[in-house]
Amino acid sequence: MKPLKIGIAGLGTVGAGVVKLLAAQKELIAARAGRPVMVTAISARDKSRDRGVKLDGLTWHDDALALAHDPEVEVVVELIGGSDGKAKALAEAAIAAGKHFVTANKALLAVHGVALARAAEANNVTIAYEAAVAGGIPVIKALREGLAANKVSRVAGILNGTCNYILTTMREDGRDFADVLADAQALGYAEADPSFDIDGVDAAHKLAILAGLAFGARIDFAKLHIEGIRRISAIDIAFAEELGYRIKLLGIAEQTEAGISLRVHPTMVPVEKPIAIVDGVFNAVLLEGDFSGPVFLRGRGAGEGPTASAVVADLIDIARNIRVPVWGMEESALEDLPITPTSELASAYFVRLSVVDEPGVLADVTAILRDHGISLESMIQHGRAPGEAVPIVLVTHDTKEAAVNAALAGIAALPAVLEPPALIRIEPK
C-alpha cells in the first residue's frame, strides 16, 4: 500500500515523540491505518541538535513553510506553537497547497480556528487537532464523533496540568503558591515564564476549542472570562478542605438562557465529585449531552507520549480517509451566540477576609452584605486575637456575581479590612 507521507514542523518534545512513536509502533499503526505512515521531511530550528531520534534519509527544511510545497509531503504536522507568526503562516500555506493539516496548537485554533476551517473546506482538506486539548484524552473525538447526536449543554474540566499539580501539592504539603511554583519549574512541569499556565490563558485556549465544538458556535476568544491561580493561598485551600471542597482551576462552558457562559477560574469543587480527586498533572473533562448524559474523561494532559499518541491518532484517521468537519459541522452552519457576562451569573461564593479582631467588624460586614441582598450559608472564624489580624471566611447562598462584587468593594473599604477580599466560586454539591 502507498504510505501516507508526512512532514513535521517543530522537533521539540512532542515532535520527537511523534517520530519515536511512528517508529516504535510501525506495524501496529500500518495495520490500523490501512497503510504505512512515514515521516519524509522535517523542519526545526537547529539541525545539529541531538534530539534522540534518527533523521537519516529525511528531507530537512530550514524554513517550515517549505513543507507546504514539498511534493513528498501529503500531511503537514505543525508542532511549533503560538497563535500567530510561523505557525499561522504554515497552516495557511499548507491548506492553500491542498495538504491536510495536523496540529497540537491550541492557541492557533482558539484564535484563528474558524477562518482556518473556512479555508480548509474551500480546499477540501482536513484540519485535525486531537492533541491540542488535554493531551492523550480523546476529548475532541468524543465531542465531534461520539456525542455528535447530542446537544451538549455543558463542558467543564481541568485543562492545565501545571495548575493542577501546583494546587494538589499546595493541598498535600500545606505550602504556599510561590514555593510550589518554583518546585514545578525545577521539575519541568512549569515553564521559566509560567504566565500562560498560571494565569489561565492555556486553559482558556482549550476551553474555547471545546466550546466551539460543543455548541456549534464561532467563539470570540477575547470574550472569555479568564482568572488564574496566583492569588490562591494555602489558607484558602485549608478552609476549602474544612468546608468539604477542593480548589481546582476549571474551564467551564455552558448554555444559559441568554447565550453561553465561557470562563476559566479557580473553583471550589465538592470532594465527592469525580473531578475533585483528579490530582497532579492529570486533566479531566466532563461533557453533558442531552441523550448521552454525563461523560467523564480523565488522563494525562501533556507530555511526549500522550500528546504524540493524539497526533498519530489523527494521522491514522487521515490515512483511512476519515473526514470530519473541523468544528463538527460546516463552518457556515456555526452560530454566533451571545456571551453571558460573569456579572450576570449566579453562584455560591467563598469569601475570605483578613480583618482586625475588634468589636463591630462583623456587624459592618454583614450590613454591607444585607444591603446588596446577599445571605450567608455559613461563617468560619477560628479563635480570637483582639487587636490583631484574623481570617474570616464567609460562604454565601447563590447570588449574582454583580451583587457580590459590589458588596466586596464596600467591604474592602472598611478600615478594619487589611487586604483585598479573596473570592472563589463554588460548584453546587
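Each value in this text was obtained by applying a stated rule to the coordinates, not by laboratory testing. These numbers come from a predicted model, not from an experiment. Virtual Cβ from ideal backbone geometry, glycine too; neighbours counted across all protein chains shown.
If each residue of separation counts as 0.36 nm, what is the full-extension length gain between GLU241 and ASP173 once their alpha-carbon separation is subtracted?
23.2 nm
On a C-alpha basis, how far is the centre of the stretch 1-76 from the centre of the stretch 329-354 in Å? Whole number, if you could?
40
In deg cm²/dmol, rounded to 500, what helix-only [θ] at 222 nm does the chain give when every DSSP H run of at least 4 residues adds -39500 (n - 2.57) and the total is split over its residues?
-10000 deg cm²/dmol, from helical runs alone.
Would you mind working out the magnitude of the charge dipole of the chain relative to its Cα centre, with +1 at each Lys and Arg C-beta and -1 at each Asp and Glu C-beta, to the nearest 20 Debye?
Dipole size: approximately 1380 debye.
Once each part is reduced to its C-alpha centroid, what is the distance from the stretch 375-429 to the stretch 194-229 in angstrom?
So the separation of the two Cα centres works out to 28 Å.
Can you give the FRET efficiency to the nearest 0.05 for SER48 and ALA115, using r as the Cβ-Cβ distance and R₀ = 41 Å?
So, using R0 = 41 Å, E works out to roughly 0.65.
Report the full-extension gain for the segment ARG32 to HIS69: residue separation times 0.36 nm, less the Cα-Cα distance, to one decimal in nm.
Computed gain between ARG32 and HIS69 is 10.5 nm.
Three principal axis extents, largest first, for the C-alpha atoms of the chain, in Å?
Result, largest extent first: 82, 45, 35 Å.
Given a Förster radius of 22 Å and the C-beta distance between ASN123 and ALA89 as r, what FRET efficiency does 1/(1 + (r/R0)^6) yield to the nearest 0.05?
For R0 = 22 Å, the calculated efficiency reads 0.90.
Taking a point 7 angstrom from the Cα of LEU187 along the C-beta vector, which residues in the stretch 292-315 have backbone N less than 16 Å away?
Only 300-304 fall inside the zone, counting backbone N under 16 Å.
Place a +1 charge on the Cβ of each Lys and Arg in the stretch 344-426 and a -1 charge on the Cβ of each Asp and Glu, then give the dipole magnitude about the Cα centre in debye, rounded to the nearest 20.
Value, rounded to 20: 100 debye.
With labels modelled as points extended 7 Å from the Cα through the Cβ direction, what inter-label distance (nm, one decimal) is found for ASN405 paired with MET379?
2.6
Contour minus end-to-end for ARG370 and THR59, with contour as 0.36 nm per residue of separation and end-to-end as the Cα-Cα distance?
This chain segment gains 104.9 nm when fully extended.
Longer than 30 Å from Cα to Cα, which of LYS88/LYS273; LYS206/LYS273; LYS20/LYS86; LYS26/LYS248; LYS54/LYS88; LYS5/LYS223 are they? Say none if no pair is.
Listed pairs above 30 Å: LYS88/LYS273; LYS26/LYS248; LYS5/LYS223.
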